[in-house]
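Visitor: Once you've had a glance at the structure underneath, I'll fire off some questions.
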């Protein structure tokens, strides 16, 4: 199940992951004023921050979340040292978190690969009086804050986009659902949101919970769906993120399915935006990462200094161990070929030059991007 969410009446509705490189324990000091990392801060005023991410390099977390978090931390607390570790391997991430406890960090920002597997380490941090702010994915155990996007809204946007892309086939057509990993509470959240829109309108021919969010697993699952249903009987694909969408497209192409059915995504990866321009993917969900990164840093610095996060939170969530966790739930945005310029380009996420390499110039011109 996803997180149990409680939102204050005035705010709730308005605030309504490709193979990842393995980057371990890259230690960064954001300011020479602190002279080093890992417990080298000068007490509560400049807490040492440990940042653990489920991917680095070309992943969304490496390209966007990490630099935005580091930038905000430098602005908010120039003398706060930060230690960064990134890996898609849940066992390695657990080792990284325990290493940060040993280093003596003052606060942790954690985007868990496997929230349940990481739970004993989160509990160990709690025993060491190191508060944990969960980022993007709801960690299990005693956490002090949570920052993410409204998963139900993300799912609804995907469902609505898929129905629009299916056109006439949205009435009784057949789809394949490529959901995220069962170890990620967000995956169930997205799925419920999508089904709230799709239920009663389309037939779900096959539904897969893709192990580890791994594209290679999604490719195999999509091939199985095509074999079972027939390529021509797949009228749409609800892919929970852009990596799964890319794998589904590869499987459909390998099976020589033409034309491709509408396919959803999430995260607005550059390769996915280019697929949308090319016509291979129908839509993605853009989650403006800067507000999320800012909120996570604000929470981390506050709890690292022993302060409350009540003024930062917009609601509360509960995990399996802790009730009423202060949370920030942010809205997401649907992106199709016709809205790329007014969303991703306008926000400075990508430039037209990045989206439109020479091979896509004609398609970009047709889309009104150049």
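Computed from the coordinates by the stated procedures, all read-outs in this text should not be read as laboratory data. Computed from a predicted model, the values in this text were never measured in an experiment. Methodologically, a virtual Cβ is constructed for each residue, glycine included, from the backbone with ideal geometry; neighbour enumeration extends over all protein chains shown.
Visitor: Could you give the length gained by full extension between residue 203 and residue 76, i.e. 0.36 nm per residue of separation minus their alpha carbon distance, to one decimal place? Intermediate values should be presented prior to the final figure.
Guide: Working: separation 127, 0.36 × 127 = 45.72 nm, distance 4.94 nm.
This chain segment gains 40.8 nm when fully extended.
Visitor: Indicate, rounded to the nearest 5 percent, the antiparallel portion of the DSSP beta bridges found entirely in the chain.
Guide: Numbers: 14 of 44 bridges.
About 30 percent, rounded to the nearest 5.
Visitor: While we're here: Arranged from highest to lowest average of other beta-carbon atoms within 10 Å per residue, in what order do the peptides 45-52, 316-323, 231-238 appear? Display every interim value, and only then the final one.
Guide: Working: 45-52: 25.0, 316-323: 17.4, 231-238: 21.6.
Listed from highest to lowest mean packing, they are 45-52, 231-238, 316-323.
Visitor: Per-residue counts of other Cβ atoms within 10 Å, averaged by peptide: what ranking do you get for 123-133, 180-190, highest first?
Guide: Numbers: 123-133: 18.6, 180-190: 22.6.
Descending mean neighbour count gives 180-190, 123-133.
Visitor: Ok, one more. With an 8 Å cut-off on Cα pairs and a minimum separation of 6 or more residues, tell me the relative contact order of region 67-138 in percent.
Guide: 29 percent
Visitor: Something else about it: With n ≥ 4 as the cut-off for DSSP H runs, can you work out [θ] at 222 nm for the chain, using -39500 (n - 2.57) per run divided by the number of residues, rounded to the nearest 500?
Guide: Details: 11 runs with 131 residues, N = 370.
When only DSSP H runs of four or more count, the value is -11000 deg cm²/dmol.
Visitor: Work out the P(r) tail for region 270-339: percent of alpha carbon pairs separated by more than 20 Å, whole number.
Guide: Values: 1189 of 2415 pairs.
Value for region 270-339 (Cα pairs over 20 Å): 49 percent.
Visitor: What ranking do 65, 347 get, fewest neighbouring Cβ atoms within 10 angstrom at the top? Each step should come with its number before you reach the end.
Guide: Numbers: 65 26, 347 14.
Result, fewest neighbours first: 347, 65.
Visitor: Relative contact order for region 151-286: what percent, with Cα pairs under 8 Å and sequence separation of 6 or more?
Guide: Numbers: 278 pairs, mean separation 37.8, N = 136.
With pairs under 8 Å counted, the relative contact order is 28 percent.
Visitor: Here's another thing I want to ask about it. Quick check: the distance between the Cα centres of region 191-224 and region 93-152, to the nearest angstrom?
Guide: Here the answer is 28 Å between Cα centres.
Visitor: Now, a different point. For the ranges 239-247, 163-171, 256-264, 291-299, what's the packing order if you count other beta-carbon atoms within 10 Å of each residue, average per peptide, and put the highest first? The partial results should precede the final answer.
Guide: On the way: 239-247: 28.8, 163-171: 15.3, 256-264: 18.8, 291-299: 23.4.
Ranked by mean Cβ neighbours within 10 Å, highest first: 239-247, 291-299, 256-264, 163-171.
Visitor: Right, something else. Would you mind computing Rg(Cα) / (2.2 N^0.38 Å) for the chain, counting N as its residues? Display every interim value, and only then the final one.
Guide: Working: Rg = 20.7 Å, N = 370, 2.2 N^0.38 = 20.8 Å.
Ratio of Rg to 2.2 N^0.38 Å for the chain: 0.99.
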